1. With V149, V145 as the choices, which residue is more than 16 Å from the ligand (Cβ to nearest atom), outside any helix (DSSP H, G or I) and either in contact (Cβ under 8 Å) with a residue 24 or more places away in the chain or of a type in the set (A, V, I, L, M) (or both)?
2. Does L114 count as farther than 30 Å from P40 by Cα and part of a helix (DSSP H, G or I)?
3. Might you let me know whether segment 108-126 holds any residue that is in contact with a strand residue (DSSP E or B) (Cβ under 8 Å, 6 or more places away or on another chain) and within 16 Å of the ligand (Cβ to nearest atom)?
4. Among the candidates A163, A148, A207, which residue alone is over 21 Å from the mean Cα position of the chain (by Cα) and within 29 Å of P116 (Cα to Cα)?
5. Could you list all residues from segment 166-180 that are exposed (fewer than 14 other Cβ atoms within 10 Å of the Cβ) and more than 10 Å from the ligand (Cβ to nearest atom)?
6. For segment 181-207, which residues satisfy the criterion of being among the small types (G, A, S), surrounded by 14 or more Cβ atoms within 10 Å (Cβ to Cβ) and more than 6 Å from the ligand (Cβ to nearest atom)?
7. Quick one: in segment 25-52, which of the residues that are under 30 Å from E188 (Cβ atoms) and loosely packed, with under 15 Cβ neighbours inside 10 Å is modelled with the lowest pLDDT?
8. Checking N215 against (1) crowded, with 20+ Cβ neighbours inside 10 Å; (2) away from the ligand (no atom under 12 Å from the Cβ); (3) at positive phi, which test does it fail?
Amino acid sequence: AQRALLQGQKLEALGRLTAGIAHDFNNILQTLSGALQLIPLTHDPARIRMLAETCQRAIARATKLTGQMRSFGMAQDARLATVDAGVAVGNVLPMLHSALPPNIDLAADVPAGLWPVTVDALQMELALLNLVLNARDAMPDGGQVRLAVRNEVLSERTTALAAGDYVCIALSDTGSGMGPETLARALEPFFTTKAVDKGTGLGLPQAYGFANQSNGTLALDSQPGVGTTVTIWLPRAAGEADGVEEGAVAGQIDMT
Ligand code: ADP
């Protein structure tokens, strides 16, 4: 459990780091855009050279940032693998448990016989952690989190999904819920209703990005004062799961 806790804290730190980097990038782009707007309006060659140097420095900073992201394993291509959905979720449960305070109960319903899915295990782990952290934040006085995974046959296509077989992961909480304005904007990157040092506004976009990257989708269902359910659909992978050893999914994260 200690290892899972550390891993959860590292992932939370990773979320904040991502937000910090996004902020830095924004500043760099603003510098570049400002200098590039000034150059055609400037006649003094010395000043033009200075503006060009400003651009060069901004680009150097951006390059350094990408280097940092790469060393943190963030700027990598998705590492897709076909895994048994039950094993994949089961592997991250200890970490999810230790991300929650004692007054929040996590019940997991992960039946046997779930279909395989093709996912980036690290992204999946991050997505579930982000959802659990949101549930935690929505229940300052405690409550219940329920993680239910099931196979689902979609007989007709919907706006977001083709008809077919899906593994459906639903995470419900008994927290504050979201009003219509929050619900409408919740998936927007950097949208947060939390204090600056608490929220990054990148949790749900990451989870949504994970679902999309896996050719699935994510839906939010929320009622103020009652709670929230976030559902992720992942398409059933053709064929069998690759030989996944117990612990192999969670073991992919190494941010020491
Ligand atoms: P962050 O958690 O950093 O604010 P997210 O993108 O994860 O960023 O969430 C955006 C916003 O959506 C939150 O600030 C919160 O207002 C709302 N939200 C997300 N999940 C929940 C939840 N389970 N219950 C209530 N509100 C939520």
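The values are calculated or read from the model by the stated rules, or taken from the named source; none is laboratory data. Computed from a prediction, not measured in an experiment: that's the story for all the values here. Cβ atoms come from the backbone with ideal geometry, glycine included; neighbour counts cover every protein chain shown.
1. Checking each option against the conditions leaves just V149.
2. no
3. No, that holds for no residue.
4. A163
5. Passing the criteria: only P180.
6. Correct list: A207 only.
7. Applying the filter and picking the extreme gives N26.
8. Exception for N215: condition (1).
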